[in-house]
Amino acid sequence: MHDNFEDHDESIEYEIEVETDTEVQAIPDDGLVLARDMLPSQLPIIPLRPRPAFPGVIIPLTVNGKARVNTIKQAMESDSQAIGLVMVQELDEDDSTTNLQRVGVAAKILKLIHTEDESAHVLVNSLERFSIDDVREANGIIYTDVTYFLSTVPKESPELKAYSMAIISTLKELVQINPLYSEEIKLFLGRTSMDDPARLTDFAANLTNADGFELQEILETFDINRRIDKVLILLKKELEVSRLQNKISKQIENKISAQQRDFFLREQFKAIKKELGLEKEGKVSEIEKYQKRLKKLTLNEEAQKAVDEEIEKLQLIEPSSPEYNVSRNYLDWLTILPWGKFSKDSYDLKRARRVLDRDHYGLDDVKERILEFIAVGKMKGDISGSILCLVGPPGVGKTSVGKSIADALKRKFYRFSVGGMRDEAEIKGHRRTYIGAMPGKAIQAMKSAGTANPVLMLDEIDKIGASYQGDPASALLEVLDPEQNGTFRDHYMDVPFDLSNVMFIATANQMDTIPAPLLDRMEIIRLSGYILEEKLEIARRFLIPKALRSHGMTKGQVSINKAAVAEIVDRYAREAGVRGLENKIKKIMRKAAMEFAEGREDKVRVSKGG
């Protein structure tokens, strides 16, 4: 078992512990209870960790381990009642005759405070340095022959006097900065003169928080001139650390004081505003916000009941409660959805044709189908229950066709992808019992659209998946099916919301992978690929102007003739859509931007073979 040593004033952890209610004290000149010339030549040894002891201090020790307790008992029975305090060589190794430093300190046991089989509390005063000569062990007790080194101080040494004054000055500065040293240093300086630099040096070394092996080196420095120089360097380091700690402490205190002051002033300001009627309590203002929103909405009976119950519940909950935020978030969703808010539909076929022709070149059969669809809506008075599915290869314009339909009908447009979706909770939301729960994509789309009759596009419906967490395709049926979506119930909202006025448009690259129940409910519109002439016209009308705008250039700076576009299509963009063609045009724009940025050209003309 390792022994313990600890300096109480410095709060340093030792393996031989210092009694926490007793201070390490300097020994007065008349306080030596054992004359130095009476020190024994053989001592029982107490190994120390993690730092050595120095001569001239009274140290309380807690010694652990049966062998070490026996060492103390045997020393108490001797005439000298002396022990040797020696630091170990390796902190992590067990005590042994080979794991001891070569220099230690002889100490007199002043008092045995308490003893047990496995521990002893003793008070010792340390006297003189010694070197160990012959270490041996008997019955678990380590003994050594010792040779003492008494400090000899040259008389009238100006250098030592200067060093002593520097140490005393540094100690006084430490007292001012770090109150931890205050009483001990004042007591020592009050009864120690500069005529005893050896005692002053040992006391100062013992006071520092230096590394144990660095202190051991000082203990082993017998020449007073070299020792006092090393100790002064250590003290200066200690002073610098104390200054830095003091600076950091003041910065933290100032920051905390500023924060407390700001908090106090804010609370006072709130109280003043409340007294003047300029501000209401947070809970009251929250409830009034919800009631103000509700006046602009037309909720169904079940939703209105849920709102009333939740507001009543919110009034009873403390704002600091976690349940308060859950209830507030739920009310936010209930009162922000577009209950009864509709945009006015436009069934103007001429306008619809202009919008479709403006946004798309070709696709005549697709445009015709869409116009027929709008015409039927005009005859019926609404287009509710309509689910279109635009099927075609990538890049043929499925998403832009959906946007054009919304524009033609003057409806809000919102798009979200269901490709790769594997959890039905993404469609229908999570129940409020879960932390971080929120509504599904359908309700989120309605909130973003801001009206109860938007055009919602479900992108990549042929890539919807399934997993052990549920089948999102089945959940999507409830969203799309006109027979069910009039009372769509999201798991989070838990009240019916009417999706029957929404126009749904799905997109897919192929029909084979669309789940059959979904496919059965949708009207398919196929978008085939573009022929060369259509691609050339699309590039001229849409792709080149768009690329010029996105790259910060004008038509006068970059021009691409028709033959060059045809060459690009023929060699690099033969796919059905125009996405590849668009990427090649963007690449040309980037090359042109380099020419302009480096000042090599002010105009770029792109032609076939050029």
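The values are calculated or read from the model by the stated rules, or taken from the named source; none is laboratory data. All values reported here derive from a predicted model rather than from experimental measurement. Here the Cβ is made from the backbone with ideal geometry for all residues, glycine too, and neighbour counts use every protein chain on show.
Results, tabulated for the structure shown:
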read-out	value
Pairs, first within 23 Å of E173 (Cα to Cα) in segment 246-268, second not in a helix (DSSP H, G or I), C-beta under 9 Å, six or more apart	N246/N178
Failed item, numbered, when K186 is tested on (1) modelled with pLDDT of 85 or more; (2) charged (D, E, K, R); (3) under 48 Å from the mean Cα position of the chain (by Cα)	(1)
Total residues in segment 398-426, condition in contact with a strand residue (DSSP E or B) (Cβ under 9 Å, 6 or more places away or on another chain) and either within 22 Å of I336 (Cβ to Cβ) or among the small types (G, A, S) (or both)	11
Among residues of segment 97-146, those that are within 21 Å of D79 (Cβ to Cβ) and among the polar types (S, T, N, Q), counted	5
Qualifying residue in segment 467-475 (condition: more than 22 Å from K296 (Cβ to Cβ) and either of a type in the set (A, V, I, L, M, F, W, C) or more than 41 Å from the chain's Cα centre (by Cα) (or both))	yes
Extreme residue, surrounded by the fewest Cβ atoms within 10 Å (Cβ to Cβ), among residues of segment 520-555 that are of a type in the set (V, I, T) and within 48 Å of the chain's Cα centre (by Cα)	T554
Test: residue in segment 136-156 that is within 56 Å of the chain's Cα centre (by Cα), crowded, with 21+ Cβ neighbours inside 10 Å and either polar (S, T, N, Q) or under 22 Å from V57 (Cβ atoms) (or both)	no
Hits in segment 450-466 - residues which are within 36 Å of the chain's Cα centre (by Cα) and closer than 22 Å to I370 by Cα	L458, D459, E460
Qualifying residue in segment 535-545 (condition: free of Cβ contacts under 8 Å to residues at least 24 places away in the same chain, farther than 25 Å from E426 by Cβ and not in a loop (DSSP other than H, G, I, E, B))	yes
Number of positions in segment 511-523 that are farther than 11 Å from L480 by Cα and in contact with a strand residue (DSSP E or B) (Cβ under 7 Å, 6 or more places away or on another chain)	3
Wholly enclosed helices (runs of 4 or more DSSP H) of segment 434-529 bearing at least 1 residues free of Cβ contacts under 8 Å to residues at least 40 places away in the same chain and within 19 Å of L334 (Cβ to Cβ)	441-449
Candidates A306, A352, filtered to the one that is surrounded by 17 or more Cβ atoms within 10 Å (Cβ to Cβ), closer than 22 Å to T451 by Cβ and over 46 Å from the mean Cα position of the chain (by Cα)	A352
Qualifying helices (runs of 4 or more DSSP H) (wholly inside segment 322-384; at least 3 residues being at pLDDT 85 or above and within 16 Å of A408 (Cβ to Cβ))	349-359, 364-380
Residue match in segment 112-121 (condition: free of Cβ contacts under 8 Å to residues at least 12 places away in the same chain and surrounded by fewer than 18 Cβ atoms within 10 Å (Cβ to Cβ))	yes
